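Here the structure comes first, spelled out in structure tokens, and everything after it is commentary.
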Protein chains: 2
Amino acid sequence: MKTTIIVAEPLTKEAFAPYGDVIETQDSHHFSINAGMVERHHDLAKLDIDYADGGRPIISFFEILEGSSFPIEFDLVERHPKGSQAFIPMFDEPVALVVAAKDSDVTGADLRAFVTNGKQGFNFHAGVWHMPLVSEEKGRMFVIVDRAGPGNNCDELTFENEKIELQIP
Amino acid sequence: MKTTIIVAEPLTKEAFAPYGDVIETQDSHHFSINAGMVERHHDLAKLDIDYADGGRPIISFFEILEGSSFPIEFDLVERHPKGSQAFIPMFDEPVALVVAAKDSDVTGADLRAFVTNGKQGFNFHAGVWHMPLVSEEKGRMFVIVDRAGPGNNCDELTFENEKIELQIP
């Protein structure tokens, strides 16, 4: 059994562009509404939904039932071929994520890890491999925007003879 | 000039059903994912988007630029005929909202006011009249899921000879 260590780098729009969108106010297209009382940071993620056969975008909440501590070990990634999946934390703490490019065969060598600055969400483009969501504290909540509808929309891949150890700097 | 006083009632799914959805974990359809580490509270709002001519759902952030204090006075409501609009606070404090039924002529007598329990979001169905978003503290953030696309998607109505005073109990 091989252990591959990956260290999370800061999440930025540039670094994350091959995998999805960083959902944040920084460098957003923004303008004021409601007679100047509210700023609208507009259209922060590319929602890519397969609408065939009644596919549709939905809003859900993900609630952390079991906290994780770093370094985190995992041996499974997943992808959603029929839709993007956006995660917006409802708390102000960093979140770590691991991705691999859409068409990669995915071994530890293909993975890249990021960590948010505590104010960012992220949107995986359809088909992008990612580590299932983890967070340190039980009870934390995320807003999720993804797809519901018929057909398989979740592929899982378990690494053989390889474990991934995710570290944050 | 007439002043109509409305007092916010607690936001519940039952009371709010004619206007939209309460986005909350309470009484949600939920199930565990990620090997039991995460609970998915699934499909919490009816996203109703007019997709004609390239209309599409988007994620935005609304940032409060100017805080309001109660009682709040207003004389304008708005509606979005081409799409639902979901508001999910990224903070744990109550939010007040005012709505009127879709097809009403809208005077003060048609308005109903609600206040969240600090853990709820809300989704206005397409065409439902509502007071523009207000909140007490500058810097508060909301996740918004609504529609982008061509065509008018915002009607405003200013009351003549009537001011509304919104109170929270």
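For A:ASN117, place a label point 7 Å out from Cα along the Cα→Cβ vector, do the same in each other copy, and report the separations in nm, one decimal, smallest first.
3.6
Once phi is turned into θ = phi - 60°, what whole-Hz ³J(HN,Hα) does the Karplus curve with 6.51, -1.76 and 1.60 give for every residue of the range B:163-168, x standing for Gly and Pro?
Using θ = phi - 60°, the values come out as 10, 9, 10, 9, 10, 10 Hz.
As an exercise, identify the GluC sites (Glu not before Pro) in the range A:9-71 lying in DSSP coil whose Cβ has no more than 15 other Cβ atoms within 10 Å. Before the final figure, lay out each step's value.
Working: sites: A:GLU14, A:GLU24, A:GLU39, A:GLU63, A:GLU66; in loops: A:GLU24, A:GLU66.
Qualifying residues, ordered by number: A:GLU66.
Based on the mean of other beta carbon atoms within 10 Å per residue, what is the order of B:147-159, B:113-125, most packed first? Walk me through the numbers before you get to the answer.
Values: B:147-159: 13.7, B:113-125: 20.5.
Top to bottom by mean Cβ count within 10 Å: B:113-125, B:147-159.
Okay, helix-only estimate at 222 nm for chain B: each DSSP H run of n ≥ 4 adds -39500 (n - 2.57), divide by all residues, round to 500 deg cm²/dmol; what do you get?
Values: 1 runs with 4 residues, N = 169.
The per-residue figure over chain B is -500 deg cm²/dmol.
List the lysines whose Cα sits under 23 Å from the Cα of A:LYS2, skipping any in the same chain fewer than 8 residues away.
A:LYS163
Of the options A:LEU97, A:VAL143, A:LEU76, report the single residue whose Cα projects farthest towards the positive end of the charge dipole of chain A (beta-carbon charges: Lys, Arg +1; Asp, Glu -1).
It is A:VAL143, whose Cα lies furthest towards the positive end.
Per residue of B:39-45, how many C-beta atoms from partner chains lie within 10 Å of its own C-beta, taken as a mean? Each step should come with its number before you reach the end.
Numbers: counts 7, 6, 7, 7, 7, 6, 3.
Taking the mean over all residues of the peptide, I get 6.
Apply the Karplus parameterisation 6.51 cos²θ - 1.76 cosθ + 1.60, with θ equal to phi minus 60°, to every residue of the range B:32-47 and state each ³J(HN,Hα) to the nearest whole Hz, in sequence, with x for glycine and proline.
Calculated HN-Hα couplings, in order: 8, 9, 6, 6, x, 7, 9, 9, 9, 8, 9, 6, 8, 8, 8, 7 Hz.
List the residues whose amide H sits under 5 Å from the amide H of B:ALA101, counting only those 5 or more places along or on another chain, with H placed 1.01 Å from N in the peptide plane.
none
How charged is the neighbourhood of A:PHE31? Take every other residue with its Cβ under 10 Å from the Cβ of A:PHE31, and add Lys/Arg as +1 and Asp/Glu as -1.
Details: positive: A:ARG40; negative: A:GLU39.
So the environment of A:PHE31 carries a net charge of 0.
So what's the convex hull volume per residue for the Cα atoms of chain A, in Å³? Don't jump to the answer; show the numbers that get you there.
Numbers: hull volume 21.6 nm³, N = 169.
Cα-based convex hull of chain A, divided per residue, equals 128 Å³.
Need one value for A:131-137: mean number of C-beta atoms belonging to other chains within 10 Å of its residues' C-beta atoms. Could the numbers behind the result be given before it?
On the way: counts 1, 5, 4, 3, 2, 0, 0.
Shielding by partners across A:131-137 averages 2.
Using each residue's phi in the range B:91-105, evaluate 6.51 cos²θ - 1.76 cosθ + 1.60 at θ = phi - 60° and report the 3J(HN,Hα) Karplus result to the nearest Hz, with x for Gly and Pro.
9, 9, 10, x, 10, 9, 9, 10, 9, 9, 4, 2, 9, 6, 6
On a C-alpha basis, how far is the centre of the range B:70-131 from the centre of the range A:107-148 in Å? Whole number, if you could?
Spelled out, the Cα-based centre of one part sits 31 Å from the other.
Pick out, from A:GLN120, A:ALA45, A:ASN34, the residue whose Cα sits farthest towards the positive end of the charge dipole of the range A:2-167, with +1 on the Cβ of Lys and Arg and -1 on the Cβ of Asp and Glu.
A:ASN34
GNM on chain B, C-alpha springs below 10 Å: top fluctuator among B:ALA35, B:ALA109, B:ALA126?
B:ALA35
B:ILE72: net charge of surrounding residues, Cβ under 10 Å, Lys/Arg +1, Asp/Glu -1, itself excluded? Could the numbers behind the result be given before it?
Details: positive: none; negative: B:GLU73, B:GLU136, B:GLU165.
That works out to -3.
Can you pull the mean other chain C-beta count within 10 Å for peptide A:63-76?
Working: counts 8, 4, 7, 7, 1, 1, 0, 0, 0, 0, 0, 1, 0, 2.
The per-residue average across the peptide is 2.
We did not get these values from a lab; they are worked out from the coordinates using the rules stated. Everything quoted here is computed from the prediction, not taken from an experiment. All Cβ positions, glycine included, derive from the backbone under ideal geometry; neighbour counts span all protein chains shown.
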